[in-house]
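Colleague: Take a look at the following structure, please.
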Amino acid sequence: VSRNTAAAIYDRLLSAGYIVMRQGSGTYVADSLPRVPPRPKSGRDRSSTFRLNEFWIRPDVTAAMGFWRDTPENIASPNAQPVIDFRPALVDSRLFPFDVFRRVTSKQLRTLERKPSAFKSPQGNQGNYALRKAITEHIALTRAVACHADDVIVTSGAQQAFDLLARALVTPNKTVVAVEDPGYPPLRVAFGAAGAKVIPIPVDDEGLIVEKIPKNVRVICLSPSHQFPLGVTTSMRRRKALVAFARAHDAVVIEDDYDGEFRYAGGAMEALRTAEAADVVFYVGTFSKCMLPSLRLGFLVAPDWAIGTLVAAKNCMDWHCSTPAQLGVAGFIAEGHLARHVRKLRHIYRQRRQLLLTCLKNDLSEWLEPLPSFYGMHIAAVARGALDCERIAASLDEKRVKIHSFNRYFLGPKKRTGFVFGYGAVDLDQIEAGMNTLRKTIARQQRR
Ligand SMILES: Cc1ncc(COP(=O)(O)O)c(C=O)c1O
């Protein structure tokens, strides 16, 4: 090897403590090898946890935040048979054009190198301007949301947008927040942690049942394009009623539009945040579904009266999101790669969705009925009659098929049973194999 390589290896060994250098003498293997100090005892030591805020150790909170957590054995065994994963909101990262993203990002980084942080301090901003501008173009095109770059705050995913909104809108022990039931558990945690009283509102075939929202509610959270997890689209009638309710009761609406880029059928339905509703609707979007969840980038379109407070809350949390990542995504959108990628994904997801619906219709219609849904990356199917979906999901898990029953999505009483079929991370062969295993498992249970 070259001298440089040898020198680099010596450096590494020295810094790790494996060798020692004696002046004027030479380099020797160290007498004793460096030891990693044992990790202090972990686990729920009752004598210490009293120091923690009790909200965060509540079982419902830990369960909600451990929503996708894998059991240790699934992570541990690399040789195990691959998992067929129907859990919703997962993304197949193999479909992402990493080479294009790498090229665009390095071009953007060169710009940053030539023109380091501009005249303003990089702290205290609401996100990179080029990205905010690109976001306005992206959502105008895909969701008919018309807004200005100054209305946009770049966040670390939709989850941080929920957290910021909770901090800015909730007065602890006073503010009442309505959430969809069933709904997205980590959103509820953000509002609960801020001290809100979170109340569940049922969902039917037209979306959130607006008539069931109590008058003292000040914040209403929903996913109107593609209800999570049932998949229904909120009807025009309900959207109008919701905005009218918000205006009449000094409330605001939070629209979680996590996968609205993927629409397959049904009439064109714009986002709830139209120009007329811009004073009461906070629109939340994310790059976790249309790009990659590991990017940790999302955004928030807010009414102008709230921007200053939300930016202050964002700055208090982390000043702003990583500039290189923001520049990379801004370039990716501006050069048309996001639109291209979404088109490609839409085509792939459409095929997966169609196959899932066919399997449900041909092989499982005796037990499951799919709910109408025209968007996104999952469909839900309700159980006909008595089906112990939680037990079926547990037994599928042993066969390395991962699927969620509706149970974990409910805050109030579990009024419906069924399964959520995510198709972001399963290809056509896996769908067929997984649905086959599901059919056999249900049939076996029904025979007992
Ligand atoms: C319904 C829903 N909303 C919001 C999010 C948040 O996404 P992120 O925080 O990754 O942007 C998810 C994530 O899967 C989701 O399923």
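Colleague: Would you confirm whether or not region 90-104 contains a residue that is within 14 Å of the ligand (Cβ to nearest atom), of a type in the set (A, V, I, L, M, F, W, C) and at pLDDT 95 or above?
Modeller: Looking for residues that are within 14 Å of the ligand (Cβ to nearest atom), of a type in the set (A, V, I, L, M, F, W, C) and at pLDDT 95 or above, one finds none in region 90-104, hence no.
Colleague: In the set V203, V217, which member is among the aliphatic types (A, V, I, L, M) and surrounded by fewer than 24 Cβ atoms within 10 Å (Cβ to Cβ)? Write out each step before concluding.
Modeller: Numbers: V203 fails: surrounded by fewer than 24 Cβ atoms within 10 Å (Cβ to Cβ).
Answer to the check: V217.
Colleague: Then there is this: Determine which single condition C321 fails, assuming it passes every other condition in (1) under 15 Å from Y129 (Cβ atoms); (2) part of a helix (DSSP H, G or I); (3) within 14 Å of the ligand (Cβ to nearest atom).
Modeller: Among (1) under 15 Å from Y129 (Cβ atoms); (2) part of a helix (DSSP H, G or I); (3) within 14 Å of the ligand (Cβ to nearest atom), C321 violates only (2).
Colleague: Restricting to region 370-388, count the residues that are more than 18 Å from H226 (Cβ to Cβ) and either touching a residue at least 40 places away in the same chain (Cβ under 8 Å) or under 24 Å from the mean Cα position of the chain (by Cα) (or both). Show your work before the answer.
Modeller: Quick first cut of region 370-388, residues more than 18 Å from H226 (Cβ to Cβ) only: 383-388.
Restricting the remaining residues to those that are either touching a residue at least 40 places away in the same chain (Cβ under 8 Å) or under 24 Å from the mean Cα position of the chain (by Cα) (or both) gives 387-388.
Qualifying residue count for the region: 2.
Colleague: Give the residue that is surrounded by the fewest Cβ atoms within 10 Å (Cβ to Cβ), with candidates limited to residues of region 168-191 that are more than 16 Å from the ligand (Cβ to nearest atom) and in contact (Cβ under 8 Å) with a residue 60 or more places away in the chain.
Modeller: Ranking the candidates gives A168 first.
Colleague: May I pose another question? Would you call A313 part of a helix (DSSP H, G or I) and either surrounded by 15 or more Cβ atoms within 10 Å (Cβ to Cβ) or touching a helix residue (DSSP H, G or I) at 6+ places or on another chain (Cβ under 8 Å) (or both)?
Modeller: On the way: part of a helix (DSSP H, G or I): yes; either surrounded by 15 or more Cβ atoms within 10 Å (Cβ to Cβ) or touching a helix residue (DSSP H, G or I) at 6+ places or on another chain (Cβ under 8 Å) (or both): yes.
So A313 fits the description; yes.
Colleague: Considering V301, V329, V342, V284, which residue is surrounded by fewer than 20 Cβ atoms within 10 Å (Cβ to Cβ), among the aliphatic types (A, V, I, L, M) and within 19 Å of the chain's Cα centre (by Cα)?
Modeller: Values: V301 fails: surrounded by fewer than 20 Cβ atoms within 10 Å (Cβ to Cβ); V329 fails: surrounded by fewer than 20 Cβ atoms within 10 Å (Cβ to Cβ); V284 fails: surrounded by fewer than 20 Cβ atoms within 10 Å (Cβ to Cβ).
The unique qualifying residue is V342.
Residues checked against (1) part of a strand (DSSP E or B); (2) at negative phi; (3) surrounded by 15 or more Cβ atoms within 10 Å (Cβ to Cβ):
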| position | (1), (2), (3) |
| --- | --- |
| R352 | no, yes, yes |
| L355 | no, yes, yes |
| T358 | no, yes, no |
| P372 | no, yes, no |
| I379 | yes, yes, yes |
| V382 | yes, yes, yes |
| A393 | no, yes, yes |
| L396 | no, yes, yes |
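Colleague: Right, another one. Determine, yes or no, whether S294 is part of a helix (DSSP H, G or I), within 16 Å of the ligand (Cβ to nearest atom) and under 23 Å from the mean Cα position of the chain (by Cα). I'd like the intermediate steps shown before the answer.
Modeller: Numbers: part of a helix (DSSP H, G or I): yes; within 16 Å of the ligand (Cβ to nearest atom): yes; under 23 Å from the mean Cα position of the chain (by Cα): yes.
Yes.
Colleague: Residues that are among the aliphatic types (A, V, I, L, M) and not in a loop (DSSP other than H, G, I, E, B): does region 408-423 have at least one? Write out each step before concluding.
Modeller: Initial filter on region 408-423 (among the aliphatic types (A, V, I, L, M)): 411, 420.
Filter once more, so that each one left must be not in a loop (DSSP other than H, G, I, E, B): 420.
Within region 408-423, one or more residues are among the aliphatic types (A, V, I, L, M) and not in a loop (DSSP other than H, G, I, E, B).
Colleague: Cβ-Cβ below 6 Å, separation at least six or inter-chain, first residue in region 417-430 and touching a residue at least 60 places away in the same chain (Cβ under 8 Å) and surrounded by fewer than 24 Cβ atoms within 10 Å (Cβ to Cβ), second assigned to a helix (DSSP H, G or I) and not basic (K, R): which pairs?
Modeller: Listed by first residue and then by second, the contacts come to L428/L355.
Colleague: Out of the residues in region 105-121 that are part of a loop (DSSP other than H, G, I, E, B) and more than 21 Å from T309 (Cβ to Cβ), which is modelled with the lowest pLDDT? Please lay out each step first, then the result.
Modeller: First pass over region 105-121, keeping only residues part of a loop (DSSP other than H, G, I, E, B): 115-121.
If we keep only those that are more than 21 Å from T309 (Cβ to Cβ) as well, we get 115-119.
On the way: K115: 71, P116: 63, S117: 60, A118: 54, F119: 48.
Step by step, filter region 105-121, then rank; the result is F119.
Colleague: Scan (1) surrounded by fewer than 24 Cβ atoms within 10 Å (Cβ to Cβ); (2) more than 15 Å from the ligand (Cβ to nearest atom) for the single condition I139 breaks and write down its number.
Modeller: Of the numbered conditions (1) surrounded by fewer than 24 Cβ atoms within 10 Å (Cβ to Cβ); (2) more than 15 Å from the ligand (Cβ to nearest atom), the odd one out for I139 is (2).
Colleague: Give all pairs with beta carbons closer than 6 Å in which a residue from region 142-164 that is part of a helix (DSSP H, G or I) meets a residue that is of a type in the set (G, A, S) and within 15 Å of the ligand (Cβ to nearest atom); count only pairs at least 6 apart in sequence or on separate chains.
Modeller: Taking only residues 6 or more apart or on different chains, the pairs are R143/G260; R143/A271; G157/S288; G157/G298; A158/G298; A161/G298; F162/A190; D163/A190.
Colleague: Residues in region 144-159 that are surrounded by fewer than 24 Cβ atoms within 10 Å (Cβ to Cβ) and either within 15 Å of the ligand (Cβ to nearest atom) or among the small types (G, A, S) (or both): how many? Full working, then the answer.
Modeller: Of region 144-159, the ones surrounded by fewer than 24 Cβ atoms within 10 Å (Cβ to Cβ) are 144, 146-151, 156-157, 159.
Next cut, either within 15 Å of the ligand (Cβ to nearest atom) or among the small types (G, A, S) (or both) only: 144, 146, 149, 156-157, 159.
Looking only at that region, the number is 6.
The values are calculated or read from the model by the stated rules, or taken from the named source; none is laboratory data. Predicted, not measured: the structure shown is a model, and the values here were computed from it. In this analysis, Cβ positions are derived from the backbone assuming ideal geometry, glycine residues included, and neighbour counts consider all displayed protein chains.
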